[in-house]
Structures are given as C-alpha cells and as structure tokens.
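The values are calculated or read from the model by the stated rules, or taken from the named source; none is laboratory data. Not measured: the values here are computed from a predicted model. Cβ atoms come from the backbone with ideal geometry, glycine included; neighbour counts cover every protein chain shown.
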C-alpha cells in the first residue's frame, strides 16, 4: 500500500499563511497524490482556534474537494485530530462515556466521520469519492510504523508556551501523569484546555479575538527572530522573559527553559515526543508525528536526536504553512520550517521524507498577513 502522510495544514489561518489556499501549492500536492492508496492527514488539518469552525471550513472546502478528486474512489483518507482541531473527535470522546465508564482509549481507535463530529462529517463529504475514516490518538500504518499528531508532547515540553503552561497547571489540579501512561491520562490534562479554547473561538467575532487567536510566533520573533540584533529593547525583553520563566518554575510549573532558540525548540520537541513514546509503551521502529512544524530528519541533523532511548526513529513531515519568521537565511526550500513536506511509505522500507514545495518561491507561498 502506497501511503502519504501530511500534517499541519492549518486551513483557515487568519493570516492566510496556510499554503493550500495557494493554487500552485494545491496543484503540486494533488499531482503527488496520483497512485497513492492511503492519505493520512496527521492532525491540525483545520485551524479551529482563530474563529468559528464555519470560517475554517469555508477555506478548507476547495482543498478537500481537490484532494478527494485527485485520490479517486479506490483510495482511503485517514484523518487524525491535533490540538488545533481537537473538536474533530471531542464529541465522540465524550459520547463514549454517555452511559457507562468507557473502555480505555487505545493507541488506535477508528470511528466513522459521522460519529466523530459534524465537522468530520463535512470533511468526509468533500473528500469523496475517497473513503474517509477518523483515527485517534494515532494510527498504525504498518506493524513497525505508528503515526500521531504529537500534541501529547506538550505535557513534557520545556518550551514555556501558553499551552505547555496550561498542561502543567492541569497536572497540578487533576494529578501528575503516571510513568506508564495511557492516552486517557494525556486527554485528562489536555482536552479541557482544548475545549475552552474551542468554545472561545466559536464565539469570536470580527471585533472580538478568540482565546486561541494569539500566537507564540510573535513572542519568539521579539526574543529570537531575525533583523533585530542585540538592541536594548530585546535585551530587556529577554531578561523579563527569563524572570517570568524562573517564576513559573518556582510555582511548580517546570521544568521550563528560557532558551527558545531554534536548536533548543527542536531538541525540546524531540525529547517531548520521545517521552510520550516511552510512557505510552510504543514499540514501533518508526514514529511519525507533526505538531512542532520542524521538518526532519534533515541532512545535517544529528541522527541521535531523532532516535528514542528504545531505538524508535522519529520522523516529521513539517507544516503546510509559510511562517516568515522561522525561515531564517537558508536558501529557498531548505529551511527546516519550509512548508510542503510529506512522508511517503510503502509496504516495507524506511519512511521517506519528500519536500514538495521546495521550488515554489516565497512570494507565491506567503499569505497577506506574512508580507
């Protein structure tokens, strides 16, 4: 079976940085789908934090219809939820316990789109004639390859984002994660945070920003972004940030690290997903995840960083959003955050990273809010 895995489309970003609304990018993806038997949408397909779901769906419809047509009737689409579109499965997760205590959430559970949520049902309709199924929290693509969005890593991440802090605060309220954890343990910490953000987004208006409408990119750009140098303002902000992180550590929300450079974020994300794999008891030879938007493993990366203590090799297809601040000075298509990556997988052999949009100019991919 020829499988293609893509992640972090974020269709519906208010900045229009989601590149599948760019005709050239969508055409490249659809051309690559020729001959693919199974497409895995590995979470954060929709951006449901920047406004009502109807807005994200309006952006997603043309892309989903084009993808479904390119795949055809013999193909399968497996959709996983991430942290930005957790609402795809939130209703079903609650429904499981409607009468009695549900069976524990396994590493892979499948559900028909119409039973997952009205949002999933809408996506499935647009993806026709391809067959569509929802999987959560992950999916076994082969006996030796497991795939999940990767948002569980926020429970362990040392980068002090709002979501990481919220997960730590939930841990203080409902109890720490056990050493041998289950998906239910992670959901207990993260799902309440996602539900609150989603409820705020559904009630957002043009004059009222949602709770999830902010972005950590702005903070990163002020502290670490290019083009600002060692100015007194940046030095003051970095000092203030270090003080705030130290305070959070003293409050018991740590361990948190004020270093949010590119290499530090890469290491923190990889260490976080490795911790998830260990606590869930994942024994796969290969683990594919998204979430961090950092493509890898890339030439020049340290292979040891992309391998867990148990020997699992980590893979990340990267995002399908053009985030100007993260591009750096690398040549076109070579930044670890350049959009358009996919993981290709056959019946055997190592998962293979392909970067489909490496030749597309930045001026074509940039959304209005990124220029």
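Which residues, counting only those in segment 64-88, are crowded, with 24+ Cβ neighbours inside 10 Å and closer than 29 Å to residue 191 by Cα?
Across segment 64-88, the qualifying residues are 64, 79, 80, 81, 82, 84, 85, 86, 87, 88.
If you go through segment 81-118, how many residues are in a helix (DSSP H, G or I) and closer than 16 Å to residue 151 by Cα?
Summing the residues that are in a helix (DSSP H, G or I) and closer than 16 Å to residue 151 by Cα in segment 81-118 gives 4.
Given the conditions (1) under 24 Å from residue 204 (Cβ atoms); (2) out of contact with any strand residue (DSSP E or B) (no Cβ under 9 Å at 6 or more places or on another chain), which single one is not true for residue 143?
Here residue 143 clears every test but (1).
Hey, among the residues in segment 37-57 that are surrounded by fewer than 21 Cβ atoms within 10 Å (Cβ to Cβ) and in contact (Cβ under 8 Å) with a residue 12 or more places away in the chain, which one's farthest from residue 137 (Cα to Cα)?
If we take residues in segment 37-57 being surrounded by fewer than 21 Cβ atoms within 10 Å (Cβ to Cβ) and in contact (Cβ under 8 Å) with a residue 12 or more places away in the chain, then 55 is farthest from residue 137 (Cα to Cα).
Do we find a residue being in contact with a helix residue (DSSP H, G or I) (Cβ under 6 Å, 6 or more places away or on another chain), closer than 17 Å to residue 152 by Cβ, in contact (Cβ under 8 Å) with a residue 40 or more places away in the chain and not in a helix (DSSP H, G or I) anywhere in segment 279-286?
So far as segment 279-286 goes, no, none of its residues is in contact with a helix residue (DSSP H, G or I) (Cβ under 6 Å, 6 or more places away or on another chain), closer than 17 Å to residue 152 by Cβ, in contact (Cβ under 8 Å) with a residue 40 or more places away in the chain and not in a helix (DSSP H, G or I).
Being farther than 21 Å from residue 288 by Cα and in contact with a strand residue (DSSP E or B) (Cβ under 6 Å, 6 or more places away or on another chain) is true for just one of 81, 166, 124. Which residue is that?
Matching residue, one of 81, 166, 124: 124.
Show the residue pairs that are 6+ apart or on different chains and have beta-carbon atoms under 8 Å apart, the first residue being within segment 248-268 and over 24 Å from residue 172 (Cβ atoms), the second being assigned to a helix (DSSP H, G or I).
What qualifies is 261/224; 262/224; 262/326; 266/305; 267/305.
Residue pairs, Cβ under 6 Å, 6 or more apart or interchain, first in segment 189-204 and under 27 Å from residue 178 (Cβ atoms), second modelled with pLDDT under 90 and exposed (fewer than 14 other Cβ atoms within 10 Å of the Cβ). List them.
Once the first residue is under 27 Å from residue 178 (Cβ atoms) and sits in segment 189-204, no partner that is modelled with pLDDT under 90 and exposed (fewer than 14 other Cβ atoms within 10 Å of the Cβ) comes close enough.
Scan segment 166-182 residue by residue and report those that are surrounded by fewer than 21 Cβ atoms within 10 Å (Cβ to Cβ) and under 14 Å from residue 83 (Cβ atoms).
Within segment 166-182, 166, 170 qualify.
When only residues in segment 338-352 that are at negative phi and not in a strand (DSSP E or B) count, which is surrounded by the most Cβ atoms within 10 Å (Cβ to Cβ)?
That would be 339.
Are any residues in segment 317-335 touching a helix residue (DSSP H, G or I) at 6+ places or on another chain (Cβ under 8 Å) and either in contact (Cβ under 8 Å) with a residue 24 or more places away in the chain or on the phi > 0 side of the Ramachandran plot (or both), and if so, which ones?
Hits for segment 317-335 are 320, 321, 322, 323, 324, 325, 326, 327, 328, 332.
Could you tell me whether any residue of segment 194-202 is in a loop (DSSP other than H, G, I, E, B) and at pLDDT 90 or above?
No, because not a single residue in segment 194-202 is in a loop (DSSP other than H, G, I, E, B) and at pLDDT 90 or above.
In segment 307-337, which residues are over 23 Å from residue 21 (Cβ atoms) and surrounded by fewer than 20 Cβ atoms within 10 Å (Cβ to Cβ)?
Once the filter is applied, which keeps residues that are over 23 Å from residue 21 (Cβ atoms) and surrounded by fewer than 20 Cβ atoms within 10 Å (Cβ to Cβ), segment 307-337 yields 307, 308, 309, 310, 311, 313, 328, 329, 330, 331, 334.
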